[in-house]
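Heads up: the structure comes next, in structure tokens.
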Amino acid sequence: MTKILFVNPNTRHLGTLLTVYPPMGVLYLSSILREAGHDVRLVDADIDGLTSAEVRRIVSEYEPDIVGITMNALQSRSAFEIADLIREENPKVKIVVGGPHPSALREGILEKCRSVDAVVYGEGEVTFSELVRAFEEDRSLERIKGVCFRTGEEILVNEPREPLKNLDSLPRLALDLAEPIRRYPGAYPVGGRPSIHVMASRGCPFKCTFCSNPVWGKRVRFRSVGSLLSEVEWLREEFKVREIFFQDDTFNLNRDWFEAICDGIIERGLNKKMVFKSPFRANERLLDLDLLRLAKEAGFWMIFYGVESGNQEILDSVKKNLRLEEIERAFRLTKKAGIRTYASFMIGNLGESRATVMDTIGFAKRIDPDYYGFAIATPYPGSEFYDRAMALGYLDLDFEDYDLRRYVLRTENFAPGEVEELVEYAHESLESYRRSWIYRLRRGLSGGSGHRTQEQDYFPASRTPDEDLLEEEIVMGENDWDVLGPGWYALEDWPPKVRWTSKRATAYLRKSDCSTQLCIKVITSFAGLVFWISVNDRKMGEYRLDSSGWRIIRVPLADLEEESCLKVGIEVDKTWVPEEIVQNDDRRDLGLAVERIWLESTTPR
């Protein structure tokens, strides 16, 4: 038996948390290795905020035979530092790296970091297993496909391994190694927690220049519908997963396959237990209203579209294989189907100028996505973008300098810092537009809200949640996911952390036998507010706030002794709009600010 420790490096030095889901790649490897009888552990230094020194201490205590480090370009600094520290601690341990960055650079990783013994490139499930056996038997690595390794001062790159033909042959993720999975926030926006990503296919046939896909390749391979649906059921039953993000490059590429997935979700009732989201291609031949309506019925609440640019010449230059009118059509149809949209834009691709950026901003206003993001275009190793930038002399940095907040190219079109400023300007321009009276008028004429609605950071529960999700207390910002119904605004950190209600708001609690009263800690910005509290649609009392200070409202739960789940309703007699008082462009209709809702016995806590 071999002891193997996988490490997901910390990237907090970049100013943001990059890890939003459990690391799928090493969890697939872990499943296979455990089936072979090995002892496997995972250290997620990113999600747990561990320093490299703390990782070294864990390695020292566990004493593994092999350390496997997963890495992308943004993790390279931490990965190399961890490898060096482990090597100092234990000269005999085998250190192996894999993931998109090593798959693109191969021998470049070994040249950069002498502490690394081998690189696994491409799909690693079979390769890593053979590597472990070779280490156990003290054999040469020369015949293992998909491996780059050091022998003395020489670096050898073996021939690549063929991609897996049957994805159903893979075991289920060793997700228990990443528990508790609720600590993973999920990819924004999140429709329910825990949120987990699932890859239903591998490979992408498109040729976008900015895409670095050195692991999965171009040939698309699909999992069977039955295997996929069984995994979704397993995730729901074993880990109480509430949202699945199908993180495929082209989830709507095969219509029959996608429709079968949606039909299976509906037949098994999974659409009543959880929600789904996925990236779609916007190409007209791949998307129509019938497909989107089926997705809506199956529980797809949001579709992610890689728009990239609002300028056709830039779209063509990055080989997006997409027309602007196709994108507009996709957003129009998706909204008509009742599904929310996310538009992803890039600024700074080769050929970009201030004029093309302005085109992108104007196009973003035109398609009016529910959610959006403007990213700095970054040439990752393995992409055509990277190769072209290198050939043109635009890129002269070390990979450890990659940073999502900084433009790494030096081109004649932009001065230093200009792309960063344009990204910020694009975001501010779109937000300013959404605050304008023109936007509100347009939204009103189209049947939407006439005022700006702040984006929610939770997905409202439309029905009573499963009892295993409910607790006797809701603390805003801590355990308020999946237990709040409609009527709440985004979390605010004063402190304390609070959520405002609109005119009406709903929340759900689990009641124990000894709970005799409902407590709500509230505040509002003006005196004289009247509000009502209901429980399970029964009005329990009318209350009035005569001061602007915090107040705890206690509601007796008489005649509710037999109830185990409580639907708590809050309704105010009037709302107020901050903009009308402080002129701050905040047009929300606010009722009460709530810090916590809880149940207790007649003896106060």
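So which residues in segment 350-381 are of a type in the set (Gly, Ala, Ser), buried (at least 18 other Cβ atoms within 10 Å of the Cβ) and either over 23 Å from the mean Cα position of the chain (by Cα) or over 26 Å from Phe80 (Cβ atoms) (or both)?
Result: Ala364, single match.
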*For segment 493-533, how many residues are free of Cβ contacts under 8 Å to residues at least 60 places away in the same chain, closer than 18 Å to Met476 by Cα and not hydrophobic (A, V, I, L, M, F, W, C)?*
3
*Among the numbered criteria (1) among the basic types (Lys, Arg); (2) at pLDDT 90 or above; (3) surrounded by 14 or more Cβ atoms within 10 Å (Cβ to Cβ), which single criterion is violated by Arg139?*
(3)
_Failed criterion for Glu313 (all others in (1) surrounded by 18 or more Cβ atoms within 10 Å (Cβ to Cβ); (2) acidic (Asp, Glu); (3) closer than 25 Å to Ala377 by Cβ hold)_ = (1)
_Restricting to segment 529-548, name every residue that is among the small types (Gly, Ala, Ser), surrounded by fewer than 13 Cβ atoms within 10 Å (Cβ to Cβ) and farther than 12 Å from Leu592 by Cα._
Ser547
*Name the residue, out of Ala104, Ala118, Ala45, that is under 21 Å from Pro379 (Cβ atoms) and either buried (at least 22 other Cβ atoms within 10 Å of the Cβ) or assigned by TED's automatic domain parsing to the domain that holds Glu136 (or both).*
Ala104
*Since Gly393 meets every condition but one in (1) at negative phi; (2) surrounded by fewer than 18 Cβ atoms within 10 Å (Cβ to Cβ), which condition does it not meet?*
(1)
*Which one is nearest to Thr127 (Cα to Cα), of the residues in segment 151-167 that are surrounded by 15 or more Cβ atoms within 10 Å (Cβ to Cβ) and under 34 Å from the mean Cα position of the chain (by Cα)?*
Arg161
*Name the pairs whose Cβ atoms lie under 6 Å apart, with the first residue in segment 224-251 and assigned to a helix (DSSP H, G or I), the second surrounded by fewer than 17 Cβ atoms within 10 Å (Cβ to Cβ), and 6 or more positions between them or separate chains?*
Val225/Ala260; Ser227/Asp168
*Residue in segment 396-422 that is surrounded by the most Cβ atoms within 10 Å (Cβ to Cβ), counting only those that are in contact with a Ser or Thr (Cβ under 6 Å, 6 or more places away or on another chain) and either modelled with pLDDT of 85 or more or among the hydrophobic types (A, V, I, L, M, F, W, C) (or both)*: Phe399
*Hey, can you tell me all the residues within segment 398-421 that are basic (Lys, Arg) and under 16 Å from Arg12 (Cα atoms)?*
Arg405, Arg406
*Quick one: is Leu509 buried (at least 17 other Cβ atoms within 10 Å of the Cβ) and touching a Ser or Thr at 6+ places or on another chain (Cβ under 9 Å)?*
yes
_Long-range neighbours under 8 Å by Cβ, at least six apart or interchain, first residue under 14 Å from Arg405 (Cβ atoms) within segment 3-29, second in a helix (DSSP H, G or I) and not polar (S, T, N, Q)_ = Thr11/Leu74; His13/Arg77; Leu14/Leu74; Leu18/Leu74
_Can you tell me how many residues within segment 183-221 are within 16 Å of Gln247 (Cα to Cα) and touching a helix residue (DSSP H, G or I) at 6+ places or on another chain (Cβ under 7 Å)?_
10
*Do any helices (runs of 4 or more DSSP H) lying entirely in segment 18-117 carry at least 2 residues that are closer than 20 Å to Ser129 by Cβ, and which ones are they?*
24-35, 100-105
*asked:* As an exercise: evaluate Asp482 against (1) charged (D, E, K, R); (2) under 16 Å from Glu595 (Cβ atoms); (3) buried (at least 21 other Cβ atoms within 10 Å of the Cβ) and give the number of the one condition it does not meet.
replied: (2)
*What is the residue count in segment 537-561 for residues that are in a strand (DSSP E or B) and either aromatic (Phe, Trp, Tyr) or touching a helix residue (DSSP H, G or I) at 6+ places or on another chain (Cβ under 6 Å) (or both)?*
1
*State yes or no: is Ser201 out of contact with any Lys or Arg (no Cβ under 9 Å at 6 or more places or on another chain) and either among the polar types (S, T, N, Q) or touching a residue at least 12 places away in the same chain (Cβ under 8 Å) (or both)?*
no
*Considering only residues that are touching a residue at least 40 places away in the same chain (Cβ under 8 Å) and not in a loop (DSSP other than H, G, I, E, B), look in segment 463-487 and name the one that is farthest from Gly192 (Cα to Cα).*
Glu473
_Restricting to segment 537-567, give me the number of residues that are touching a Ser or Thr at 6+ places or on another chain (Cβ under 7 Å) and of a type in the set (A, V, I, L, M)._
3
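Confirm whether Ile109 is surrounded by 21 or more Cβ atoms within 10 Å (Cβ to Cβ) and either under 30 Å from Ala187 (Cβ atoms) or without any contact (Cβ under 8 Å) to a residue 12 or more places away in the chain (or both).
Values: surrounded by 21 or more Cβ atoms within 10 Å (Cβ to Cβ): yes; either under 30 Å from Ala187 (Cβ atoms) or without any contact (Cβ under 8 Å) to a residue 12 or more places away in the chain (or both): yes.
Criteria met by Ile109.
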*Could you tell me which numbered condition Glu130 fails, if it satisfies all but one of (1) touching a Gly at 6+ places or on another chain (Cβ under 8 Å); (2) modelled with pLDDT of 95 or more?*
(1)
*asked:* I need the full set of residues from segment 187-208 which are within 22 Å of Gly373 (Cα to Cα), in contact with a Phe, Trp or Tyr (Cβ under 8 Å, 6 or more places away or on another chain) and part of a loop (DSSP other than H, G, I, E, B), in order please.
replied: Ala187, Tyr188, Pro189, Val190, Gly191, Gly192, Arg193
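The values are calculated or read from the model by the stated rules, or taken from the named source; none is laboratory data. Just so it is clear, the structure is predicted and the values come from calculations on it, not from any experiment. We place every Cβ from the backbone using ideal geometry, glycine too, and count neighbours over all the protein chains shown.
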